[in-house]
Amino acid sequence: MSNLQVDIPAGANRYVGVLPERPDVPVAFAAFYDESGTGVSPEAGSAAGDAVQTTAPAAPAPTTRVFNHTVTVPEFGGRGYAAQVVRAALDDAVARGLRIRSECSYVTHFLNEHHDWDAHLVA
C-alpha cells in the first residue's frame, strides 16, 4: 500500500488523497464543513431606517470541523486509503485548533477504533 499525499484543494471543503506516482488521480476524499462557536452567521447591514454599514461584520472563527462524507474511488477500495485520508484530515483539524464532530459513518467508526483524537471530539 502506498502512502497518499493528502491536501485541501484551494476553495474546496474536502481533503483529497492522491498517490505520489499519480497526483492527477484522486483515490479517496473526506468532505467537511466548519461551524462557528455561535452556530449562526452574523447579520450584515442594519435595521430599516438606520445607517447602513459599509462593511459586514467579520464571521465568527470556526471552532468545529464536521466530517460528513468519505469516499474511496472503487478501483482503489480495500487498501486503507480512506483511513489515511481521515487520519490526515483529523490531524489537520486538530493542528488548526478545531474540535471534531462526525456525521459520517466511516469517520465515526474510525474514531471509535482509534482514540488519538478523543480529547478533541465534540460530545
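The values are calculated or read from the model by the stated rules, or taken from the named source; none is laboratory data. Only a predicted model underlies this, so the values are computations on that prediction, with no experimental measurement involved. For neighbour counting, all protein chains shown are included, and Cβ atoms are generated from backbone atoms with ideal geometry for every residue, glycine included. Heavy atoms of the whole protein, side chains included, go into the accessibility calculation; ligands, DNA and RNA do not. Shrake-Rupley method; radii C 1.70, N 1.55, O 1.52, S 1.80 Å.
Filter the stretch 94-115 down to the residues that are open to solvent by 70 Å² or more (accessible area, probe 1.4 Å) and without any contact (Cβ under 8 Å) to a residue 12 or more places away in the chain and list them by number.
95, 105, 109, 112, 113, 115
Residues of the stretch 19-34 being more than 16 Å from residue 107 (Cβ to Cβ) and surrounded by fewer than 19 Cβ atoms within 10 Å (Cβ to Cβ), which ones?
Residues satisfying the conditions are 19, 20, 21, 22, 23, 24, 25.
I'm told residue 47 meets every condition in (1) open to solvent by 50 Å² or more (accessible area, probe 1.4 Å); (2) modelled with pLDDT under 85; (3) touching a Leu at 6+ places or on another chain (Cβ under 9 Å) except one. Can you identify the failing condition by its number?
(3)
Give the residue, chosen from 82, 61, that is under 13 Å from residue 6 (Cβ atoms) and hydrophobic (A, V, I, L, M, F, W, C).
Details: 61 fails: under 13 Å from residue 6 (Cβ atoms).
One residue alone meets the criteria, 82.
Quick check, is residue 72 open to solvent by less than 60 Å² (accessible area, probe 1.4 Å) and free of Cβ contacts under 8 Å to residues at least 24 places away in the same chain?
No, not satisfied.
Is at least one residue of the stretch 77-93 under 13 Å from residue 32 (Cα atoms) and open to solvent by 70 Å² or more (accessible area, probe 1.4 Å)?
The answer is no; no qualifying residue exists.
Write out, first by first residue and then by second, each pair whose Cβ atoms fall under 9 Å of each other, whose residues are 6+ apart or on separate chains, and whose first residue, in the stretch 7-27, is in contact (Cβ under 8 Å) with a residue 24 or more places away in the chain while the second is in a strand (DSSP E or B) and among the basic types (Lys, Arg).
8/14
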